1. Of the numbered conditions (1) crowded, with 20+ Cβ neighbours inside 10 Å; (2) under 17 Å from the mean Cα position of the chain (by Cα); (3) closer than 30 Å to Cys140 by Cβ, Gln221 fails exactly one; give the number of that condition.
2. Which condition does Ala120 not pass, out of (1) modelled with pLDDT of 95 or more; (2) surrounded by fewer than 18 Cβ atoms within 10 Å (Cβ to Cβ); (3) under 18 Å from Gln221 (Cα atoms), if it passes all the others?
3. Would you check which residues across region 309-333 are touching a strand residue (DSSP E or B) at 6+ places or on another chain (Cβ under 8 Å) and in a loop (DSSP other than H, G, I, E, B) and list them?
4. Take the conditions over 18 Å from Glu244 (Cα atoms) and either touching a strand residue (DSSP E or B) at 6+ places or on another chain (Cβ under 7 Å) or of a type outside the set (Ser, Thr, Tyr) (or both) and apply them to Val139. Does it pass?
5. Just checking, which of Leu263, Leu254 is at pLDDT 95 or above and in contact with a His (Cβ under 8 Å, 6 or more places away or on another chain)?
6. Give region 253-281 a look and list any residue that's within 28 Å of Gly121 (Cβ to Cβ) and buried (at least 16 other Cβ atoms within 10 Å of the Cβ), or say none.
7. Does Glu273 satisfy the criteria of being within 23 Å of Glu200 (Cα to Cα), modelled with pLDDT of 95 or more and not hydroxyl-bearing (Ser, Thr, Tyr)?
8. When you scan region 231-296 for strands (runs of 3 or more DSSP E) that lie fully inside it, which ones turn up with 1 or more residues that are acidic (Asp, Glu), under 20 Å from Gln313 (Cβ atoms) and in the same structural domain as Val154 (by TED's automatic domain parsing)?
Amino acid sequence: MRAALNALTDELRRLKSAGVKTVAVSEESVAVLRRVIAARTGQRATAGVSPVATTTTSPTFSVRPVSRAESRPANIERAAAEVAAFIPYQPPPSVRATAAVVKASSAALIPAPPAVALPAGDKQTKWDALVALVQNDSVCKQHLRPGKKVVLGVGNLDAKIMFVGEAPGAEEELQGEPFVGPAGQLLTKMIQAMGLKRSEVYIGNIMNWRPELPVSGGGEQFGNRPPTEEEMRYCLPFLRAQIEVVAPDLLVALGSTAAQGLLGFGTFKALGEVRGRWREFAGKPLMITYHPSYILRNQSNRSKRMIWEDLLQVMERAALPISDKQRGFFLDK
């Protein structure tokens, strides 16, 4: 939480140093920040209280809420949205009860997993058919909010390494691409540290839609929840089809939920039991490590080194060159 709010504060400082005195922020973003901070601190979010000022030291600014029509896309607006996406929203008990009902109802509506048969042809032909199949799948479409997109993997269809997360978040369902929010940006840096470009690997999720939670009066969903076993089981055939098309040398599961989806629910209790060890999924070697959001919450070198050691194993298995500098990343001096 502190890291996310500090990022927002840094952007305000940058604008101030550039001579900006007033920042136009939409009513939606102001409301999101008030709600998140109020939920985290137990304070009452009122119109006269600045949520950022109560948690971190902010530069002197006049923040003027504006209508959606008046507001223009800007770094500050994006930063506010990223704070909302990064900080898990902890609703009061009544809302949590509603969320539990929504989750249970969603699971009850999930049918048996589909049978996915790819056409004959080259990779691009198979890929195009798979994209059309997922985008037109009635169950995937049924669970989309208005204006949101079904999310399928992206990247090199000849990639040696395939990263697998659990489900899309707010940014992902808007753009229709996995890992494009703060965690996705960190994943891109991790890939670059391996000596690769994001375009050289393949990145996907088990889920093809964002797991639902109750929405605000404006129709927007705040916060995320892990997908249910039934939801992930329904989408797994689409992931297997992506693996069939790409045919990577190995897979990397990002986070506990993704690992549970690939290995089977109940296989382990804590991620530490299985991370850093090779398993198998769909006939491919599978490395399990932490989700990039873990680093966003834990900025210590120790946390970074744990993930990096897993990625070093991936690099060795993929026969990627490893320099002495890379082997020494995040080691305490």
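The values are calculated or read from the model by the stated rules, or taken from the named source; none is laboratory data. Predicted model only: the values in this text are computed from it and were never measured. We place every Cβ from the backbone using ideal geometry, glycine too, and count neighbours over all the protein chains shown.
1. (1)
2. With respect to (1) modelled with pLDDT of 95 or more; (2) surrounded by fewer than 18 Cβ atoms within 10 Å (Cβ to Cβ); (3) under 18 Å from Gln221 (Cα atoms), Ala120 is out only on (3).
3. Residues of region 309-333 that are touching a strand residue (DSSP E or B) at 6+ places or on another chain (Cβ under 8 Å), as a first pass: 310-311, 313-314, 317-318.
The one that is touching a strand residue (DSSP E or B) at 6+ places or on another chain (Cβ under 8 Å) and in a loop (DSSP other than H, G, I, E, B): Ala318.
4. Details: over 18 Å from Glu244 (Cα atoms): yes; either touching a strand residue (DSSP E or B) at 6+ places or on another chain (Cβ under 7 Å) or of a type outside the set (Ser, Thr, Tyr) (or both): yes.
The answer is yes for Val139.
5. Numbers: Leu263 fails: in contact with a His (Cβ under 8 Å, 6 or more places away or on another chain).
Residue meeting the stated conditions: Leu254.
6. Going residue by residue through region 253-281, those that are within 28 Å of Gly121 (Cβ to Cβ) are 262, 280-281.
Scanning region 253-281 gives Leu262, Phe281.
7. Working: within 23 Å of Glu200 (Cα to Cα): no; modelled with pLDDT of 95 or more: yes; not hydroxyl-bearing (Ser, Thr, Tyr): yes.
Spelling it out, it is not the case that Glu273 is within 23 Å of Glu200 (Cα to Cα), modelled with pLDDT of 95 or more and not hydroxyl-bearing (Ser, Thr, Tyr).
8. Values: elements: 250-254, 278-281, 284-289.
Qualifying strands (runs of 3 or more DSSP E): 278-281.
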